[in-house]
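In what follows, a structure is listed as C-alpha cells, so that the remarks can point back to it.
The values are calculated or read from the model by the stated rules, or taken from the named source; none is laboratory data. This structure is a prediction, so every number in the text was calculated from the model and none was measured. When we count neighbours, we look across all protein chains shown, and the Cβ atoms used for this are built from the backbone with ideal geometry, even at glycine. The accessibility values were calculated without ligands, DNA or RNA, using every heavy atom of the protein model including side chains. Shrake-Rupley method; radii C 1.70, N 1.55, O 1.52, S 1.80 Å.
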Amino acid sequence: MANRDDFRAPVVRTIAQRAGFRCSNQTCLRPTIGPDGANETASIGVAAHITAAAEGGPRYDPTLTPEERSAAGNGIWLCQTCSRLVDVDVPSHSIDHLREWKTLAEMRAYLGIRGFAIVVSRSFQSLENKMPDLVAEMRDDMKTEPFVREFIVFSRKWSYTGDPEKPVFSYFFEDHDNLKPKLKVMQNYGAIIETTHNNTDRFEFTEDFSEYLQLPV
C-alpha cells in the first residue's frame, strides 16, 4: 500500500479557517460547522487533496515532494458531498479548477470578515433561454410541489423507489437531449447543487432558482 502524505491537524485547521469553514465549491458554499443537538458542534467539512495524497489517487502529481503534497497549499476545504464528487468525477474537476475554487473561497472569506461580499450574478432568464423545455417542466413541478427542492435524473427504463415521506421531482434522459451537460450549466448558474449518492444522479434547486421558478410568467 502506497504511503499517504496526509494533512496534519494544524494544516487541516488552516485550510478550513482560510475558507471560512464553508465548502469551496462555488455552486455549494454551504457552512460546514455548526451546533449539534447536544450543546456540542457538528462538522461536515473535509480537507481534501487537490493533488492526491498517494500514487494512484485523483489528480496525483509525482513532481511534488511529500512536504508539498501535505501542505495547506495542496488542500481545499469542501463539504463531504463535494469532496466525494471531485474524486469520483475527476475529468470535471481538474487541478486548475480546484485551485480556482480555493482562490475564490479564500477571497470570499477574506472580504467577508471585512464587511464585503463577492456577488456572482447570472440571469436565470438567460439560463431559461438556453433550455426552455427543461426549465418549463421544472416550473410546472414547482407549482405542484412548491416546497420540494430535490430531484433525480434517470432513464425511463430504470425503476426508482423513494421515500413517500420525502417527495422528489424526476427528469428523464429520454425527454431532454444533452440532459447531463444542461445540468452542468445549471450548476454554473447557481440554479442547482449536485447531491449525487447511491449511484443516483441527484440534485437540489437553490432557493434563488426556486423563487425564480415560482414567479408569475
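With runs of 4+ DSSP H residues as the only contributors, calculate the mean residue ellipticity of the chain at 222 nm using -39,500 (n - 2.57) per run, divided by the residue total and rounded to the nearest 500. Walk me through the intermediate numbers first.
Numbers: 8 runs with 78 residues, N = 217.
Helix-only estimate at 222 nm: -10500 deg cm²/dmol.
Let's see if you can work this out: charge +1 on each Lys and Arg Cβ, -1 on each Asp and Glu Cβ, no other charges. What is the dipole magnitude of the chain about its Cα centre, in debye to the nearest 20? Mind dumping the intermediate values first?
Working: 25 positive and 31 negative charges, 118 e Å.
Result for the chain is approximately 560 debye, rounded to the nearest 20.
Note down the magnitude of the dipole of segment 112-195 about its Cα centre, charges +1 on Lys and Arg C-beta and -1 on Asp and Glu C-beta and zero elsewhere, to the nearest 20 debye.
Working: 12 positive and 13 negative charges, 91 e Å.
Charge dipole of segment 112-195: 440 debye, to the nearest 20.
With each label point set 7 Å from Cα along the Cα-Cβ vector, what nm distance links residue 207 and residue 125?
2.4 nm
Once fully extended, how much extra length lies between residue 172 and residue 197, figured as 0.36 nm per residue of separation less the alpha-carbon to alpha-carbon distance? If you can, show how the numbers build up before the last one.
Details: separation 25, 0.36 × 25 = 9.00 nm, distance 1.75 nm.
Result: 7.2 nm gained on full extension.
Give me the 1.4 Å probe accessible area per residue for the chain, excluding ligands and nucleic acids, in Å².
Details: 12920 Å² over 217 residues.
That works out to 60 Å² for each residue.
Return the label of the correct value of semi-axes √(5λ) of the Cα gyration tensor in Å, as calculated from the structure shown, out of (i) 24, 21, 17; (ii) 33, 21, 18; (iii) 28, 18, 17.
Answer label, from the structure shown: (ii).
Find how much the distance from residue 63 to residue 111 grows on full extension, using 0.36 nm per residue of separation minus their present alpha carbon separation; answer in nm with one decimal. Before the final figure, lay out each step's value.
Details: separation 48, 0.36 × 48 = 17.28 nm, distance 3.34 nm.
Gain in length upon complete extension: 13.9 nm.
Considering the dipole of segment 112-174 built from charges on the beta carbon (Lys and Arg +1, Asp and Glu -1) around the Cα centre, which of 161, 123, 146 is farthest to its positive end?
About the Cα centre, the residue reaching furthest to the positive side is 123.
For the pair residue 39/residue 145, report the inter-label distance in nm, with labels modelled 7 Å from Cα in the Cβ direction.
Simple spin-label model gives 3.9 nm for this pair.
Determine the share of segment 1-156's accessible area contributed by carbon and sulfur atoms, expressed in whole percent, with a 1.4 angstrom probe.
That share works out to 52 percent.
Please give the Cα centre distance for segment 10-72 versus segment 189-217, rounded to the nearest Å.
25 Å
Got a number for the accessible area of residue 41? Probe 1.4 Å, square angstrom, nearest 10.
Here the residue's solvent-accessible area equals roughly 100 Å².
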